[in-house]
Every structure is written in C-alpha cells, then in structure tokens.
C-alpha cells in the first residue's frame, strides 16, 4: 500500500503536494487542452454508426486520421456539408459540427448521386 508522510493510504496518489501530476506529460496536456482536442475530433451520428455496423465498415486509427484531416481541409475552405471519399467508402460529413452523417461503400450506392453537399474531399 502506498504511503504519504508515513501513513498507509488505500489509493495511489496522482500528484505531489506542490500540485504536480506525474501523469501529465507536458504543460500543454491539461484537462482543458485534452478536452479541446477531443471536441475537435470527428464524431459519428447514431445514424452513421448504424450504417457502419450494417455495412461492416471498420475504421482504423489511420483512416480516422485521414477523415479528420479531410474535415479540417474542408473547414478551411468554408464547406458546410461535404462528401468525403476515402478508398472505397463515401462519408457525408456536416463540417461545422464535425459529424459524420452517414457512410457507405461506393459499390453499394445505387444511383451514385449525392445531394445537399457543397464540396467533395478526397481523404488520402
């Protein structure tokens, strides 16, 4: 059991008495900065999650990085609703909310027509 000032404590201390937390790697890794980084990542709507599951689409960390990068590029150009093309999969993304609305394999799109989008981004 860990000790603080010679007293056994039933928990593992996460910091010292000076407010230093050894789990925080650098000053930029505060709760606020980690929270902000998470908010900036692409999210998936419940509809998109259902479509990913139904269509057996699994995304690796590398593919998620590509989608995030594509969304950032579309945001810089002022896009609102974008078609993000990656390999053989199409994603409709609401850019201001950074939310994937739906996803589908290109081979399964019946008409190959996408409406209500203002941009196309190729995630490479």
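The values are calculated or read from the model by the stated rules, or taken from the named source; none is laboratory data. Just so it is clear, the structure is predicted and the values come from calculations on it, not from any experiment. All Cβ positions, even for glycine, are placed from backbone atoms using ideal geometry, and neighbour counts span all protein chains on display.
Among (1) surrounded by 14 or more Cβ atoms within 10 Å (Cβ to Cβ); (2) at pLDDT below 90, there is one condition residue 26 misses while meeting the rest; what is its number?
Against the list (1) surrounded by 14 or more Cβ atoms within 10 Å (Cβ to Cβ); (2) at pLDDT below 90, residue 26 comes up short only on (1).
I'm trying to understand the selection: among the residues of the range 78-97, which are crowded, with 18+ Cβ neighbours inside 10 Å, part of a loop (DSSP other than H, G, I, E, B) and either over 15 Å from the mean Cα position of the chain (by Cα) or in contact (Cβ under 8 Å) with a residue 60 or more places away in the chain (or both)?
79
Considering only the range 98-124, how many residues are without any contact (Cβ under 8 Å) to a residue 24 or more places away in the chain and either under 15 Å from the mean Cα position of the chain (by Cα) or surrounded by 16 or more Cβ atoms within 10 Å (Cβ to Cβ) (or both)? It would help to see each step written out before you state the result.
Filtering the range 98-124 for residues without any contact (Cβ under 8 Å) to a residue 24 or more places away in the chain gives 106-107, 109-113, 115.
Narrowing the set further to residues that are either under 15 Å from the mean Cα position of the chain (by Cα) or surrounded by 16 or more Cβ atoms within 10 Å (Cβ to Cβ) (or both) leaves none.
Residues flagged as without any contact (Cβ under 8 Å) to a residue 24 or more places away in the chain and either under 15 Å from the mean Cα position of the chain (by Cα) or surrounded by 16 or more Cβ atoms within 10 Å (Cβ to Cβ) (or both) within the range 98-124 amount to 0.
Of all the residues that make up the range 35-60, how many are within 20 Å of residue 115 (Cβ to Cβ) and in a helix (DSSP H, G or I)?
Result for the range 35-60: 3.
For the condition more than 19 Å from residue 117 (Cα to Cα) and surrounded by 12 or more Cβ atoms within 10 Å (Cβ to Cβ), what is the one hit in 75, 63, 32?
On inspection, the qualifying residue turns out to be 63.
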